[in-house]
Structures are given as structure tokens and as C-alpha cells.
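Before any comments, here is the structure.
Throughout, read-outs are computed from the coordinates displayed, never taken from laboratory work. It should be emphasised that the depicted structure is a prediction, and the values quoted were computed from it without experimental measurement. For neighbour counting, all protein chains shown are included, and Cβ atoms are generated from backbone atoms with ideal geometry for every residue, glycine included.
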Amino acid sequence: MAGRLQDKFALVTGGGRGYGAAIAQGLAGEGAHVAIHYHTSGAGAEATAERIRALGREALTVQGDLMKWSDIRRVAAYVHDRFGRIDILVNNVGDVAPEQMSWRDVNEDLIDRVLAVDVKGTMLMTHEVGLRMVEQRAGVIVNIGSQVVVKGSPRAPQYAAAKYGVIGLTKSYAHALAPHVRVNALGPGFIETETTTSRRDWQTGRREEILEQTPLRHLPKAEELVGPVVFLASDDARHITGAFLVCNGGYSMVGA
């Protein structure tokens, strides 16, 4: 039985572990062939690729530093040349400054790193792949944002600022790449990935605090939030572009 993404060609950034790995495998489960980008987690990327191949889909891995435009150009060109086209781009990579426990701990290096990865990296990957999608007159881009834009982040203000930037990029490229390319953003809440659960604040009461404030009383694993990405990437969302879909169990409900 064909999946919703049957024989589409996808590129997932940061697919070597955590949410990115779950997204890559989820796209393959719906029939897509997947290129898995990684920066340092090469072994994880290859493990993800092996799981995808076990599903009968094509998979390849590609290394790149998303703070460098030259690397982004190389990654986009490599995947496009190998697959012949890129139908789906998921910009999953994001730096949350996990070692920063308070706004008082901020420093210039942390600001520059988070903005470079989350804003510059997302923008330039969207730009490079978007150019190719416009030429092929079809494509979908899903940017992984965060519900942090609703409540802010007293722990890492630069992270909230960066994710606001992702929404601006999403809306801007949704206009620029239309009518043949759709661009949307997903705003997940807290996901129990290795990065999250290893944080000191998560191990000293933060998890329980968040859970208490979440109406659905559940904090998802990465694989539980693959469905919204598949939806935005599929024809089920064919008339949605420039949107920001919050997916956080009700943690940051806002008015109309």
C-alpha cells in the first residue's frame, strides 16, 4: 500500500539523532527516499540510513556545517545530484543552547552560535533547496520551530529570538517561492530527546513543572511528533503555506 509520500525525495537536516532521526524514518515509512544530513553525528546518521533501507527506501548521508554557506551549497548540490530532485526539505537542525541554565549565563559566543545555526542555517538551506524546487516547479519545506515563540525563554532569550526568526523566514519564503513551493513551520513543545533529558534543569524538577502545566499531561517522545511533519509535507496540506502549527499538548494556549 502506497504511503502519502510515495517515491518523493526528502532531505532532513540533523537526521543523525533525536527528532531529526525520527522524522527521517517517518518520511521513509510513508514511502519517501531520504537524505540524512549531519554535522558531527556520522554514526547516528548511518544508523538512521540503515533503518530506512530496511524499509525498502533509498537513503544517503551527507555531512555539513550549517553555519557555513559553502557547506550548505555543497549539501544541497550533493543531494540534488544524487536523487535528481528534492521534493521535501525538513529544516530540523536547531541549537537550543542546552548548557545555558539562565539568562544570566548568556555570552556572545552562545548568542552567535544559536543565531547562526537556527536563523542563518535555516534561511540558507531554505534558499539553496528552494531555488531548485522553483526550477522543478514543485516542493515542500517544513521548518522546525518551537512553541517558545508563544511564551518566550527566560533561560535562553537568544533561542526564542532565533525561533521568531524562523517564523519570519517561513512566511517570507512562502511568498517568495509560491505558487509551486509550500513553506510551513511546526512549533513543537518539549520533546523527550536525549538533549532535553540530559539537561540539568530537566533532572531537577523542570520536567514535572512542564508536565503539570500541560493540559494533555504528556510529554512526547520524538516519534510521537512525526505525524504533523508528514502532514505538512504531504498533499493533505496542499492548501497550507506560510503557517505555524503549534504542537505542544496545550502548554501555551493563546486566544484567537
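Some notes on this structure:
Each row is one residue, and each column tells you yes or no for (1) part of a helix (DSSP H, G or I); (2) closer than 21 Å to residue 88 by Cα.
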{"position": "153", "(1), (2)": "no, no"}
{"position": "159", "(1), (2)": "yes, no"}
{"position": "164", "(1), (2)": "yes, no"}
{"position": "171", "(1), (2)": "yes, yes"}
{"position": "187", "(1), (2)": "no, yes"}
{"position": "190", "(1), (2)": "no, no"}
{"position": "196", "(1), (2)": "yes, no"}
{"position": "208", "(1), (2)": "yes, no"}
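- Residues in the range 154-195 that are in contact (Cβ under 8 Å) with a residue 40 or more places away in the chain and under 18 Å from residue 105 (Cβ atoms): 154, 155, 156, 157, 158, 159, 161, 162, 195.
- Scanning the range 224-256 for residues that are charged (D, E, K, R) and either surrounded by 15 or more Cβ atoms within 10 Å (Cβ to Cβ) or in a loop (DSSP other than H, G, I, E, B) (or both) gives 224, 238.
- If you filter the range 201-230 down to residues that are within 14 Å of the chain's Cα centre (by Cα) and among the hydrophobic types (A, V, I, L, M, F, W, C), you find that the one that is farthest from residue 30 (Cα to Cα) is 222.
- One residue alone among 13, 40, 48 is farther than 17 Å from residue 186 by Cβ and buried (at least 24 other Cβ atoms within 10 Å of the Cβ), and that residue is 48.
- From the options 79, 114, residue that is β-branched (Val, Ile, Thr), in contact with a Leu (Cβ under 6 Å, 6 or more places away or on another chain), assigned to a helix (DSSP H, G or I) and farther than 17 Å from residue 190 by Cβ: 79
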